[in-house]
Amino acid sequence: MQETQEHMELRRTVANIVQNDINPYVDEWEEAEMMPLHDLCRIMGQAGILGISKPGDFGGMDLDYSYEVVFAEEMGHARAQGVSTAIGVQSNMSTPALARHGSDELRQEFLRPAIAGEMIGCIGVTEEGSGSDVSSVRSFARKDGDDYVISGNKMFITNSIQADWMCMLCNTEEDNGPHRNKTLIIVPMDSKGISKTKLKKLGLHCSDTGHINFDEVRVPQRNRIGEEGMGFMYQMEQFQEERLYAVGRTVTFLEDALEETIEYARQRQAFGRPILDNQTMHYKMAEMQSQLEAIRSLLYRATDIYVTGGNVTRLASMAKYLVGVMASEMPAQLLQFWGGQGYMAENRISRVFRDMKLVSIGGGANEVMLQIVAKEMGILPRR
């Protein structure tokens, strides 16, 4: 991925917001277990960075996805990854299908204000009993006149407590197969029949996560994204951008944690010398940096292919798997290097440990990524 002057200018813009509008407040937001998402999105919307690759006709910048990768990398410098998770849902998870397949009317009503930071979006896929197996979702939208009437639930939904609308995957047919009976529908979150429960999590404390119930929720059929029955395929497209974003911000976040640990190990004395001088430590840290650089190279290769219209399912899944492994293993090792200090809640390395665990689970678990790669290789057994 060749970085241009325009990439660097975008990098500076995002870095400035992270430094001035996010990092000074993350400890407060973590303690409150909620960030002022509308306020933050307005700031980012005014800077024009919530619709980097979205159509200019609806307030976007009309740039290619390499600029979204730069955005993701800079968001990784946020000192609590609940922030980059919430913003990523807004910019790269709830909006791609709407931007690509939504009607002009729907994009005017929901995409434009999301890009401007005036409305918050969330993505409703996961349910009780159907997480990585997207084809098994059970929420149903039946037709009644010009409306859909939706019943079901969505679980572990980021931004859902504060969101103004949900891009929701629902079944719209009883049969036609699990890959052709689903539709993406924009559901206003103040609709009658919606109830929300805020969930308490291991990490990502400043990011709100909810369990959402839908009891005969009425939504106009014009809120459908694209063709009926194509929701599964549209969601698979959205997953590619979600996974590339996740890789970009996670590599940066882990690199920051590594640099902080190196500085601590350089200052911390044990047995008459800095603990960084132990071969075990500097070899392990060199190995970590090498692995992160390899993942970044895979991300950049996938991005180059994606911006030219190529299929990156295989490479994006590989990158997401590898960064998921690193996000589980690396924070545990870094915390070990910090010793008792690392176990203290006020030490950021403990937050890294908590926040990073989700990378191996959300957006497709490690095991699902390997399943996808195996399928792409032609070695996955047929069911």
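Figures for the structure shown
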| quantity | calculated |
| --- | --- |
| Of all residues making up the stretch 212-239, the number that are assigned to a strand (DSSP E or B), surrounded by fewer than 18 Cβ atoms within 10 Å (Cβ to Cβ) and either more than 25 Å from the chain's Cα centre (by Cα) or assigned by TED's automatic domain parsing to the domain that holds R314 (or both) | 4 |
| Index of the failed condition, V247 passing every other in (1) more than 27 Å from S360 (Cα to Cα); (2) outside the structural domain of S135 (by TED's automatic domain parsing); (3) within 23 Å of the chain's Cα centre (by Cα) | (1) |
| Tabulated pairs, the stretch 213-225, first on the phi > 0 side of the Ramachandran plot, second at pLDDT 95 or above and of a type in the set (A, V, I, L, M, F, W, C), C-beta under 9 angstrom, 6+ apart or interchain | E216/V149; E216/I150 |
| Residue in the stretch 60-77 that is in a loop (DSSP other than H, G, I, E, B), under 16 Å from F253 (Cα atoms) and in contact with a Phe, Trp or Tyr (Cβ under 8 Å, 6 or more places away or on another chain) present | yes |
| Check on M318, within 18 Å of the chain's Cα centre (by Cα) and farther than 21 Å from A80 by Cβ | yes |
| One residue from R249, R243, R268, R224 being basic (K, R), under 22 Å from S94 (Cβ atoms) and touching a strand residue (DSSP E or B) at 6+ places or on another chain (Cβ under 7 Å) | R224 |
| Residue list for the stretch 32-42, restricted to those being touching a residue at least 40 places away in the same chain (Cβ under 8 Å) and not in a loop (DSSP other than H, G, I, E, B) | A32, L37, H38, L40, C41, R42 |
| Answer residue from the stretch 162-197, given it is hydroxyl-bearing (S, T, Y) and assigned to a strand (DSSP E or B) and is farthest from I150 (Cα to Cα) among those | T197 |
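Residues checked against (1) in contact with a Pro (Cβ under 6 Å, 6 or more places away or on another chain); (2) aromatic (F, W, Y); (3) buried (at least 21 other Cβ atoms within 10 Å of the Cβ); (4) at pLDDT 95 or above:
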site	(1), (2), (3), (4)
I295	no, no, yes, yes
L298	no, no, no, yes
A302	no, no, yes, yes
I305	no, no, no, yes
E329	no, no, no, yes
Q333	no, no, no, yes
F353	yes, yes, yes, yes
L370	no, no, no, yes
V373	no, no, no, yes
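The values are calculated or read from the model by the stated rules, or taken from the named source; none is laboratory data. Just so it is clear, the structure is predicted and the values come from calculations on it, not from any experiment. Note that we place each Cβ from the backbone using ideal geometry, even for glycine, and neighbour counts take in every protein chain shown.
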